[in-house]
Amino acid sequence: MEQYIIRGGNPLVGEVEIGGAKNAALAILAASIMTDETVVIENLPDVRDINVLIQAMQSVGAMVERMDRHTVKVNGSTIRDLTIEDDYIKKIRASYYLLGALLGKYKKGEVALPGGCNIGSRPIDQHIKGFKALGADVRIAHGLIITEAEKLKGSHIYLDVVSVGATINIMMAATMAEGQTIIENAAKEPHVVDLANFLNSMGANIKGAGTDVIRIKGVQKLHRTEYSVIPDQIEAGTFMFAAAATKGDITVKNVIPKHLESISAKLMEIGCEIEESDDAVRVVSSKPLTHTHVKTLPYPGFPTDMQPQIAVTLALSEGTSIVTESIFENRFKYVDELTRMGASIKVEGNTAIIDGVRKYTGAHISAPDLRAGAALVIAGLAAEGFTTIDDILYIQRGYEDFEIKLRGLGANIEKVSSEKEAQKFKLKVG
Ligand code: EPZ
């Protein structure tokens, strides 16, 4: 089993290129099968979640050809099967985006029920509510969600909870429904906007993405397009907090600073200096960091996918901080691991009370999920001594070349798959 091994203590300094947004790319890949013409998608991150979704698309017969590491050519005209097998949905929940795409295009689709992830129960009742509002019959049988419609008719849908996935899935199905659909209380994340722009580039008629009311006028057909995915705000934010926690100086490049506003604001609040330019943000952490309070919220609030990363940093900041997780009910699993490194955090319900400590000491820990795993890498980079992190498969789901990019910033980190390699690394870095 591969592990990361880290010798902490180096301030991270330099520039890092940010890749395409995983959560935008997943939605765009799913939507790309909605036309029978050829679609070229650029700036795809080469991460496990993307590669599993491509396999799921190929499993129903879509042609997906990789032009280079970050570009694919898709043609959905060869789709013969409308059932997404369980083993794809088991690997990534986002396979359920294919349901909205298949329903929109073929008025039919089947996908295995996605399991709850280890950050919460993750129901899909809002997705189902939207499909039904559009006139689809939705039933659950043998662990599958089966949806079918004579025809899809536009509807006025009010989401009971702001849901990125439901907004995306309903948007895809409504794109080829008859008439107008209005989605109220819609998610406003940059990846929702990116999907709307992608669909519009294929001939869809979607207005208001990025606000909480999205208006969609259904169209009969969608056509070819070439599209480049937006930069990943969460990958960028992860490196920004790595700068803060290691007292470093990092410039994240190829970003959209507007998407990082809540992250930059919190970094300034705790004592970092932020310099913004058109497509880059520089984070300098030269003073002792101070405490703050943060609550995760739907965009443009502070992202839940950045919650572990800010908590790891606040645990090294002076004073007592409070982190409230308002989106998922089980997103503090990393706290036990961080405690083993010397953090002083008390979790009560969906709130973590953090008393800053002077330093972390390295330990043998494991990644409980994708973003928590990335946050624990940040802790290892800031810690005194060696940290070994197990279950890094989680981290590879969403971060391309993570250890390579970190080494480019001066980190002593290696991906190892044996005790022998670990020992060699320890001797090398001393
Ligand atoms: C997306 O998950 C992201 N995943 C998550 O990122 C991200 O944390 C989340 O949005 C919030 O930003 C992808 O884009 C692939 P939601 P999603 O539906 O769509 C409740 C990562 O690290 N809800 O916005 O599943 C739900 O329980 C991943 O990249 C319902 O009640 O999130 C949660 O409390 C982790 N009913 C809240 O809404 C529903 O039908 C927000 O969930 C759907 C959701």
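The values are calculated or read from the model by the stated rules, or taken from the named source; none is laboratory data. Because the structure is predicted, anything quoted here is derived from the model rather than measured. In this analysis, Cβ positions are derived from the backbone assuming ideal geometry, glycine residues included, and neighbour counts consider all displayed protein chains. When the accessible area is computed, the model is the full protein with side chains, heavy atoms only, and any ligands, DNA or RNA have been set aside. Shrake-Rupley method; radii C 1.70, N 1.55, O 1.52, S 1.80 Å.
Hey, can you find the accessible area per residue of region 49-130 for me, probe 1.4 Å, expressed in square angstrom?
Values: 3080 Å² over 82 residues.
So region 49-130 comes to 38 Å² accessible per residue, rounded to a whole number.
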Of all GluC sites (Glu not before Pro) in region 208-271, which ones are in loop regions per DSSP and have a Cβ with at most 10 other Cβ atoms within 10 Å? none
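Take the alpha carbon gyration tensor of region 22-228, find the square roots of its eigenvalues, order them as a ≥ b ≥ c, and report rounded if a/c is under 1.5; if not, report prolate when a/b exceeds b/c, else oblate. Each step should come with its number before you reach the end.
Values: a/c = 1.30, a/b = 1.12, b/c = 1.16.
Rounded, because the longest to shortest axis ratio a/c is under 1.5.
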Compute the Rg to Rh ratio over the chain from the alpha carbon atoms, using the Kirkwood formula for Rh, and round to two decimal places. 0.98
Coil-residue trypsin sites (Lys or Arg not before Pro) of region 24-94, DSSP, other Cβ within 10 Å capped at 15: 69, 80
Rounded to the nearest percent, how much of the accessible area of the chain (1.4 Å probe, protein heavy atoms only) is carbon and sulfur? 50
Run the dipole for region 253-373 about the Cα centre, Lys and Arg Cβ at +1, Asp and Glu Cβ at -1, nothing else charged, and hand back the magnitude in debye, nearest 20. 300
Per-residue HN-Hα couplings for region 191-197 [Karplus 6.51, -1.76, 1.60; θ = phi - 60°; Hz; x = Gly/Pro]: 6, 5, 5, 5, 5, 4, 5
In order over region 327-342: 3J(HN,Hα) from phi, Karplus 6.51/-1.76/1.60, θ = phi - 60°, whole Hz, x for each Gly or Pro, gives 9, 10, 8, 9, 10, 10, 5, 6, 4, 4, 5, 5, 4, 5, 9, x
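Do the sum for the chain: with -39,500 (n - 2.57) for every DSSP H run of n ≥ 4, divided by all residues, what is the mean residue ellipticity at 222 nm, to the nearest 500 deg cm²/dmol? Before the final figure, lay out each step's value.
Working: 15 runs with 141 residues, N = 430.
Value at 222 nm, helices only: -9500 deg cm²/dmol.
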Computed for the chain: size of charge dipole around the Cα centre, +1 on C-beta of each Lys and Arg, -1 on C-beta of each Asp and Glu, debye to nearest 20, value 300
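Give me the dipole magnitude in Debye, nearest 20, for region 5-89 about the Cα centre, with unit charges on the beta carbon: positive for Lys and Arg, negative for Asp and Glu. Write down the numbers at each step before the final one.
Values: 7 positive and 13 negative charges, 50 e Å.
Computed charge dipole of region 5-89: roughly 240 debye.
Let me make sure I get this right: for region 357-430, a, b and c are the square roots of the gyration tensor eigenvalues over alpha carbons, sorted descending. Under 1.5 in a/c it's rounded, otherwise prolate if a/b > b/c, else oblate. Which is it?
Working: a/c = 1.38, a/b = 1.13, b/c = 1.22.
Rounded, because the longest to shortest axis ratio a/c is under 1.5.
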Relative contact order, percent, the chain [alpha-carbon distance under 8 Å, six or more residues apart]: 21
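Cα gyration tensor of region 262-308, axes a ≥ b ≥ c as square roots of the eigenvalues: rounded (a/c below 1.5), prolate (a/b > b/c) or oblate? Walk me through the numbers before you get to the answer.
Values: a/c = 2.58, a/b = 1.19, b/c = 2.17.
Judged from the Cα gyration tensor, region 262-308 comes out oblate (a/c at least 1.5, b/c at or above a/b).
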Could you please put 156, 291, 127 in sequence from largest to smallest accessible area, using a 1.4 Å probe? 156, 291, 127
Net length gained if the chain between residue 125 and residue 69 were fully extended (0.36 nm per residue, minus Cα distance): 16.6 nm
How high is the FRET efficiency from residue 318 to residue 278, r the C-beta distance, R0 35 Å, rounded to 0.05? 0.55
